[in-house]
Structures are given as C-alpha cells and as structure tokens.
Amino acid sequence: MAEHIDGNAVAAEIRSELEGAIETLADAGARPGLATVLMGDDPASQTYVNMKQRDCEEVGIEGHHIDVDGDADPETLYETIDSLNADDDVHGYLVQDPVPDHVDYREVIRRIAPEKDVDGFHPENVGRLVAGDARFRPCTPHGVQKLLEASDVETEGADVTIVGRSRIVGKPLANLLVQKADDGNATVTVCHSRTEDLAAKTRQADILVAAVGVPNMIDESMVSDGTVVIDVGINRVDADTEKGYELVGDVDFDAVEPKASKITPVPGGVGPMTRAMLLYNTVKAASIQEG
Ligand code: GUN
C-alpha cells in the first residue's frame, strides 16, 4: 500500500507562506496582480481560468480577467497583450492555451514581456531555465519538484523516467531535475510516442512521472515495486456523473498503487500544486518589479 502524496496539503502550505509575502508587499504599498486572458470559450479552459481567479482572491492577489472573442483576429489578442505589458498593476499574466486554430500560440508567447511571463513559456525564460538560471520555473514542473521535496523523495542520483515531452511539463521538468542546482541531480530519461520498449524504461525508474494526457495509460506491468509515481495527467472521460465526465490521470491508480511506494492521486495531486506555483511566480514577479 503506497503513501498517497497529498497535493492539496502541500499546496496549502505554499499558499500560506505566500500570504506572508503578500502582506509584506502590501505593507510596502504594493499588491501583486495576475491577469488571465482567454480567447474563445473552451469549457475546460474556462474552468481553469475561473480556478486561477478564485485562487488569487483567496491569497490576496488582485485578479484581472480578459475575454477575447474566439473569432477575433490575432491582432486583437496582441493589443490585449501589449496593454498588459504596459499595465503597472499587472505583475504577471498568462494567455490560456489552447488558443483558436487561426492564432499561433508561439507568436503569442513571444509577445509577452518576459518579466511578466509567469507561465515561464517565453523563449527567454525557457533559455534561462535550460542554462540553470531560471527566472520563473513553469508551474507544473516546479509543483512536481515541490511535491517530491515535501514527500522526502530524494532525487539526487535517482533514475527518473518522464513519459511525455511537452513544452509545458516533460521538457522543462527534465531540464530542472537533471541540473545540479534545484535539488535535482537526477538521471533523467524522457519518453514519448516513438520510444521503443517504453515499459523497460518506466520499470527502471525510481521516480516515474506520467505526463502524456492518455487516460490510465500506465498500468502495473510498467511499474517496479517501490517506485514513486507522479501522475500529471488530468483527463476528462465520459462518466455517469452530474457533469457527464470524471477526471482521471495517466496512471491506472488502482492497478499501480499496490506496487508504488508513494503515488499522487488525480484529482488532488499535481493539480493543486500547479495552481499554487502560479501564485508563487506572481508574487515573485511583483517582488522583482516592486523591489
Ligand atoms: N493550458 C493548460 N495548461 C496551461 C498552463 O499551464 N498555462 C497556460 N497558459 N495554458 C494552459
């Protein structure tokens, strides 16, 4: 029986530390501000930005939200970005991904002022992270690091296998964990859709991170006894519930849990950490800009 890593509890600790930092900023006359921008009306994205706004309110960050019509041309979104870059009350902001097909998200990211890019997606911030000089660590990888730390999981010398090479999770997490700094010092294997004998790579892991977006993909045959299993997946699957769906991870929890030494649940594992680290980056942005 594995220890269940409680993301809600670790996130709550991080949020209470942030509340202290926010009070210190308030004493100096500054209130951190975070803006969310949503282009279009994707229901999952709406849920995510609503949660981010609620989080802001709860910890004392000033939340701003801007909706951009899904049919608008890219210039309209760029104008919103330019105005946020110039707005001194907004210390950090993000454009929720995905954007409509006629908009190139890479162009969008490049337009965001790097010092306000609390997602850590701008090429300057990606470059700094890879160079071992991160300004903003992307929220999910940073949340995974904090979860491992809070659960006393040693990364130094550990074999970490990450399944998924996304720009948001797999690649930045691999870069962080392999570094000397950041308490990483791990040996990292990054797997993806063309990886041969995936199960051999996942079975060699001391720490297995699933970040592919495929429901229940990691089963018990892919996990060795005693592995720490971190499930980044949040997949909506049809279910006979009030909302018509339920959230499941990339890991088949019931099958894998008996073999793991520690495991994150979905929901209540990595998800709350991602949200907490966005607040963390916003407070960091405000401290730099107001400092
Ligand atoms: N869509 C899904 N995850 C994210 C995220 O971390 N940031 C942004 N901007 N959009 C997302």
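Quick note: the coordinates plus some simple rules give every number you see, no bench work behind them. Worth saying up front: this structure is predicted, and the values here are computed from it rather than measured. Heads up, the Cβs are rebuilt from the backbone with ideal geometry, glycines too, and the neighbour counts pull from every protein chain shown.
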Filtered trypsin sites (Lys or Arg not before Pro), region 137-215: DSSP coil and at most 15 other beta carbons within 10 Å: 167, 180, 194
Karplus-derived 3J(HN,Hα) from phi for region 59-75 (6.51 cos²θ - 1.76 cosθ + 1.60, θ = phi - 60°), whole Hz, x at Gly and Pro, runs 9, x, 8, 6, x, 10, 10, 10, 9, 10, 3, x, 9, 5, 7, x, 4
Solution diffusion estimate, µm²/s, Stokes-Einstein, the chain, Kirkwood Rh from C-alpha pairs, 10 °C, viscosity 1.306 mPa s: 81 µm²/s
State, in angstrom, two size descriptors of region 29-113 derived from its alpha carbons: Rg to one decimal place and Dmax to the nearest whole number. 12.7, 41
Between region 258-291 and region 171-237, the alpha-carbon center distance in angstrom: 18 Å
Can you tell me, using C-alpha contacts under 8 Å and at least 6 residues apart, the relative contact order of the chain as a whole percent? 22 percent
Take every DSSP beta bridge whose two residues both sit in the chain, then give the antiparallel share in percent to the nearest 5. 10 percent
Applying 1/(1 + (r/R0)^6) with R0 = 51 Å to the Cβ-Cβ distance of residue 88 and residue 261, what FRET efficiency is obtained, to the nearest 0.05? 0.60
Here are some pairs, 52/243; 171/259; 201/259; which of them have Cα atoms lying more than 23 Å apart in this structure? 171/259
Could you calculate the FRET efficiency of residue 195 with residue 225 from 1/(1 + (r/R0)^6), where r is the beta carbon distance between them and R0 is 30 Å, rounded to 0.05? 0.85
Amide H neighbours of residue 192 under 5 Å, at least 5 residues apart or on other chains, H built in the peptide plane: list them. 164
Does region 180-291 come out rounded, prolate or oblate, given a ≥ b ≥ c as the square roots of the eigenvalues of its C-alpha gyration tensor, rounded meaning a/c under 1.5 and, failing that, prolate meaning a/b above b/c? oblate
Testing the spin-label approximation: label points 7 Å from Cα along Cα→Cβ at residue 239 and residue 65. State their distance in nm. 2.4 nm
